[in-house]
């Protein structure tokens, strides 16, 4: 009984093409394994997003499962294979979620936006890894079914290549490199093409190493491509989360309460040196309370760099909670990396840290901070940034009082940083520290503090300083933190009595600089080491200010604030203009000299035959036929108009004779050839417009 032929495109490789059944089976299994491999390697491209081993839990089952299904459902209905593939996807979510997850579909729908609003590296949470699991599963499923049901060669690898492209986009901000992953993908695709093309096994032994060699070359060249310097980052176009309300009680509101019970231990810090431990950054003021306007984003531990890119000191800390309330996490200066925290969120602008959930007693983490070390020249050249939101003063009658006091405190100061230090000194000298002072930092309360009591805690001093600075156009904010604490065997025990608020002002390229307007309890000598060193630095800089005299120009008006010296030599624009003019003159000279030199060399070459051939080469150049060297003399003659035909025909005859009988060419024939060449050149110049001639001359054609 005759059997119906299979549908077009449905016969697998190895069936009906003369191969044995064993060979066809071997090629099919190897092909399916390669498809699984390329899908898995493409999924590993997400290692810049999830750098831990948790990524393997999402990638391996998703890549291997569909390949096994395809191998066992060959020649069976497609619907059966797809049904089993769906079961494989569900089974792969079990180790990912450590059990059945009813919300897996919702997590998958939200994972795109969640990853685009996460600072890399991302926490390896199931709700994020489900995206990688699904992409790899889809690539492996489509690829395996295409391989077993069609005769295409590398079409089965196309879905995996798409997954790798998605991994590149999502991992732009991540650490590490995807060039080795790209090389592995390329090698696997080449191996798949060789297997599907029916090549002998020896071809694999030669083709795969050759592909590996080309891949190694690509790995060397890849970082040099322009796109490698500034790749497209989809996070720039993603909608960022709104400002987050972090605590019902602001840390600034807790300052007075903590000072009333100074011996309550809040946390410990193991660090190499004592520093102030920053807790909360508050940059929004509504006339009653300071709050945070930070847009906190999830992160796996990395904190984006701040504005300062100069010299800095790296300080590592290990923090352990002993009773600190709230969700803020203390750290020194600007954190750059945090470890040991699940559910960590960070504000990229301020570097403030939060934990998504309550941090109880015994909670610990590790922080690496970058402490800026600007030079005196950097501080002297500092100019405030232009950010209106940081200079906003709430509407109210108190603004006049704050402005008048700020102008009085900074009278005669002609530099922004000098104004800030004068304001700091004014508050330290004209008000006193008192832990029993009334709490609060509303405009009315601060007005009472400045006009009547002149006694307060760091809550009032820092708030008053920040608002007075804003009336001067200095962008400011309030920071709540702690003094270093009591050192015991290299561990600093921070208690509630160590709480302190200070103010910061933002300068261009310098970033945020701290200022400490709160005096010590018994005068400035009662300050701890960190504040005392900052005050000493400000006093030294005040001395630097007076050296230059009162007429010193503002930093924004100085041509170069970095060195503090007037520039020497001609201006840059004169140098650039001179260099550009020199290049134009040299190029113009070349456009004149090179054609003349070329004609002269051809006319004066030794040997009459060589002179004839030189005349013909010069004529071809004049006719614009230099690139068409394959044309014969007859072809050149027949292409030209009648006004130059006589000269060109005579020159072509002499040239043909010189090619085949160069020993019989006389010097008179060479001279005649050049006369014909010159005539052709004059005729061409006559019928060629001047702009065209100039363009050809400038392009050295």
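The values are calculated or read from the model by the stated rules, or taken from the named source; none is laboratory data. If you're wondering where the values come from, they're calculated on a predicted model, not measured in any experiment. Here the Cβ positions follow ideal geometry from the backbone for every residue, glycine too, while neighbour counts run over all protein chains shown.
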Taking the range 69-98 and keeping only residues that are touching a helix residue (DSSP H, G or I) at 6+ places or on another chain (Cβ under 7 Å) and either not in a helix (DSSP H, G or I) or not assigned by TED's automatic domain parsing to the domain that holds residue 138 (or both), one is left with 73, 74
Being closer than 14 Å to residue 134 by Cβ and under 22 Å from the mean Cα position of the chain (by Cα) is the filter here, so list the residues in the range 43-63 that pass it. 43, 46
Residue selected from the range 292-309 under the condition crowded, with 19+ Cβ neighbours inside 10 Å and without any contact (Cβ under 8 Å) to a residue 60 or more places away in the chain, by the criterion farthest from residue 254 (Cα to Cα): 296
Kindly evaluate residue 381 against the criterion of being more than 19 Å from residue 299 (Cβ to Cβ), surrounded by 14 or more Cβ atoms within 10 Å (Cβ to Cβ) and out of contact with any strand residue (DSSP E or B) (no Cβ under 7 Å at 6 or more places or on another chain). yes
Could you list, in sequence order, the residues of the range 75-105 that are more than 19 Å from residue 130 (Cα to Cα) and surrounded by fewer than 17 Cβ atoms within 10 Å (Cβ to Cβ)? 75, 76, 77, 78, 79, 80, 82, 83
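Per-residue answers, yes or no, for (1) in the same structural domain as residue 114 (by TED's automatic domain parsing); (2) buried (at least 21 other Cβ atoms within 10 Å of the Cβ); (3) at pLDDT 95 or above; (4) within 30 Å of residue 467 (Cβ to Cβ):
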position: 254; (1), (2), (3), (4): no, no, no, yes
position: 272; (1), (2), (3), (4): no, no, no, no
position: 277; (1), (2), (3), (4): no, yes, yes, yes
position: 330; (1), (2), (3), (4): no, yes, yes, yes
Which of (1) buried (at least 19 other Cβ atoms within 10 Å of the Cβ); (2) in a strand (DSSP E or B); (3) free of Cβ contacts under 8 Å to residues at least 60 places away in the same chain is the odd one out, the single condition residue 359 does not satisfy? (2)
Set 122, 101, 109, 114: member being at pLDDT below 90, in a helix (DSSP H, G or I) and over 26 Å from residue 31 (Cα atoms): 114
Looking at residue 413, is it buried (at least 23 other Cβ atoms within 10 Å of the Cβ), under 44 Å from the mean Cα position of the chain (by Cα) and assigned by TED's automatic domain parsing to the domain that holds residue 256? no
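Restricting to the range 282-327, name every residue that is assigned to a strand (DSSP E or B) and under 14 Å from residue 364 (Cα atoms).
Correct list: 316, 317, 318, 319, 320, 321.
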Taking the range 334-348 as the region of interest, how many residues are over 28 Å from residue 127 (Cα atoms) and at pLDDT below 90? 0
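Listed here are the residues, each with its yes/no results for (1) in a helix (DSSP H, G or I); (2) free of Cβ contacts under 8 Å to residues at least 40 places away in the same chain; (3) touching a strand residue (DSSP E or B) at 6+ places or on another chain (Cβ under 9 Å); (4) within 30 Å of residue 323 (Cβ to Cβ).
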residue	(1), (2), (3), (4)
404	yes, yes, no, no
459	yes, no, yes, yes
463	yes, no, yes, yes
492	no, no, yes, yes
Return the only residue of 444, 418 being farther than 18 Å from residue 504 by Cβ, in a helix (DSSP H, G or I) and assigned by TED's automatic domain parsing to the domain that holds residue 294. 444
Within the range 83-138, the count of residues that are in contact (Cβ under 8 Å) with a residue 40 or more places away in the chain and under 17 Å from residue 39 (Cα atoms) comes to 12
Would you mind telling me which numbered condition in (1) surrounded by fewer than 22 Cβ atoms within 10 Å (Cβ to Cβ); (2) in a loop (DSSP other than H, G, I, E, B) residue 366 fails? (2)
Within the range 659-701, residues modelled with pLDDT under 75, more than 60 Å from the chain's Cα centre (by Cα) and in a helix (DSSP H, G or I) come out as 659, 660, 662, 663, 664
Return the only residue of 167, 193, 182 being out of contact with any helix residue (DSSP H, G or I) (no Cβ under 6 Å at 6 or more places or on another chain) and within 28 Å of residue 128 (Cβ to Cβ). 182
I need the full set of residues from the range 139-153 which are surrounded by fewer than 20 Cβ atoms within 10 Å (Cβ to Cβ) and free of Cβ contacts under 8 Å to residues at least 60 places away in the same chain, in order please. 146, 152, 153
